[in-house]
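What follows is a short report on a single structure.
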Amino acid sequence: MSSDDLFTRTVIQAGFEAAAQEMFDTLRKTAMSPIIYEVLDVGTGVLDADGQLVSSGAGIPGFIGVLDKSVKAILASAKEPVEDGDVFILNDPNFGGVTHLNDIVLAEPVFFQGKRVAWVASIAHWGDIGGKTPGSMAVDVTEIIAEGLRLPPVKIYKAGQRNEAVVDIIRCNSRLPDFALGDLSAQFAAGRRGNRVIVDLFQRYGRATVFDAIEAGFDEGKTRALDGLAALPKGRFSFTATQDDGEEWAVSLEISDTRFIFDLTAAPDAEAAPHNTSRDGAMVVCQMFFKALTDPERFANAGSFAPLEVRTREGSVFHADPTKPQGYYFETRIRLFDLLWQAMAQAMPDRLPAGHFGTIFGTVIAGTHPDTGRRYTMVEPQMGGWGATGARDGTGPLFSSSHGDTFNCPVEIAEARYGYEVLEKSLIFSEGSAVEFRGGPGICSRYQMRAKATLSAGFSRAKEPVWSLNATSGHTNSLKVHRARQTVEDYVFVSGLELAPEDVVEIRTSCGGNAARAG
């Protein structure tokens, strides 16, 4: 079959995309945790034999951006040959930019006629991986070792045989061992499904034709990226924004006809607190932002990021050293994404909207179900308002701008699986002085405990309001605990907070930023 056949190449490329989608569907249908099967806090992808992204698959963009880096870390650290039937597991952010220890990567090589031809990989949030507090998201830790079980790249399957020693380590380090092993099995099943689809492509079209299709896909990704780059304003764009703690974060972007350089070297030092990210993590943020600006309509592959360059300073919050904790990495990354967005919105106000609610607002409630006696961990990001443009009101409530196609857990599922009562899910509309275009609505969520539980949560824009475009500033996010409807406590970052029966957790997410009419 001719490798120059455009139709054949297109079919093969669609086959890789289908493999990643089938992995996603398998994971969603077989996982035990609602954070996976309802919220879809996962990502799947297909990589070539060297770990370059072939198809970005399905799930959270920030998760998918981890997969190629994780596979490359596996190959770089492998102490023995990679064999057919091997499956690797890892969750350490120091190996490929994995997000935090709760997010587990499973990567499996694909072999055809005795040679490695590709990889399939998935990443999913597990409800508990040990550490100081239920849900493994403590805010009062100073080293990553306190956050839970760390897994560097290790074979959990070797030549098709499960490594029971690694499984036992996982079981012994999770407060929810049944869920952990169930979700592990779901990710393994997803990888097996993707492997079969890819082997079928090689059997049907042959090695040379499939490899040509992969290279053609990389070339197309690069061409589309350069075409998108050509439409952007050229020059250097810098911006500084104050964070909730009073610290100032600064970024600079340099755009030419052939390069898009992200200069993050002015970032503050890494913290002895879980608010850091690895260099690979910062790279993922820049890749998402670059893709959104240059080619938002097509799935990403390695070619999509050929014009991109990221500069970081080792030891900074965007390039933390291996000992620094990263449990709330997501707030650091979403702040960076929002800062990059704000920098370019000054140059492209007709194309980019005002700021959105600017947080992931990861919320963990853990306890024992009052009816079944079974331990649970509720993990849920929150939704909020997106910004207005100079031509329309903002939309919302939606998840954050880097979160992808995820969903909130249905009330019925939450109440059945977790045993608390959802008192309210209501919209919060923008208020204040007259503006031409208002940001989209946020949400008020209230959860009432029926039994003892613990709360962990953290969010941004508690003090600094959502930014607007030539209009009044937006609103802020908040977290309150109503103690048996008597006293009220305010929190921003908290973990292991004891909740009693009748206590109510109230979360209010911000509306999006306002805007004045363009022109």
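Points worth noting:
- Long-range amide H partners of LEU423 with built H, under 5 Å: ARG446, TYR447, GLN448
- Relative contact order (%) - criterion: Cα under 8 Å, at least six apart; region: segment 2-154: 21 percent
- Note on GLU489 and THR223: the model spin-label points, each 7 Å out from Cα along the C-beta direction, lie 6.0 nm apart.
- Put the Cα centre of segment 155-221 next to the Cα centre of segment 2-52 and the gap is 11 Å.
- Neighbour cut-off at most 14 other Cβ (10 Å), DSSP loop, GluC sites (Glu not before Pro), segment 276-362: GLU297, GLU314
- Compared with the alpha-carbon gap, the fully stretched path from ARG171 to SER238 is longer by 19.4 nm at 0.36 nm per residue.
- Solvent-accessible heavy-atom area per residue, rounded to whole Å², over segment 395-519 at 1.4 Å: 45 Å²
- The translational diffusion coefficient of segment 50-209, from Stokes-Einstein at 25 °C and 0.890 mPa s with a Kirkwood hydrodynamic radius over alpha carbon pairs, comes to 152 µm²/s.
- Measuring between alpha carbons in the structure, the pairs from LYS132/LYS463; LYS72/LYS324; LYS115/LYS155; LYS29/LYS155; LYS69/LYS452; LYS132/LYS480 lying more than 30 angstrom apart are LYS69/LYS452.
- Contour minus Cα-Cα distance for GLN346 and SER426 (0.36 nm per residue): 25.5 nm
- Its DSSP H runs of at least 4 residues, each contributing -39,500 (n - 2.57), put the calculated 222 nm mean residue ellipticity of the chain at -9500 deg cm²/dmol, to the nearest 500.
- Rounded to two decimals, the Cα-based Rg/Rh of segment 287-367, with Kirkwood Rh, is 1.02.
- Under the combined filter of DSSP loop state and at most 15 neighbouring Cβ atoms within 10 Å, segment 232-282 retains these GluC sites (Glu not before Pro): GLU247.
- Cα centroid separation - segment 453-519 against segment 335-402, whole Å: 12 Å
- Residue separation of GLN52 and ALA416 scaled by 0.36 nm, minus their Cα-Cα distance, works out to 126.9 nm of gained length.
- Computed over the chain: relative contact order in percent, which uses C-alpha pairs under 8 Å that are six or more apart: 14 percent
- Cα-Cα pairs of the chain separated by more than 42 Å (percent): 16 percent
The values are calculated or read from the model by the stated rules, or taken from the named source; none is laboratory data. These figures come from a predicted structure and were not determined experimentally. Ideal geometry is used to build each Cβ from the backbone, glycine not excepted, and the neighbour counts take in all protein chains shown. These area figures cover heavy atoms from the full protein model, side chains too; ligands, DNA and RNA do not enter into them. Shrake-Rupley method; radii C 1.70, N 1.55, O 1.52, S 1.80 Å.
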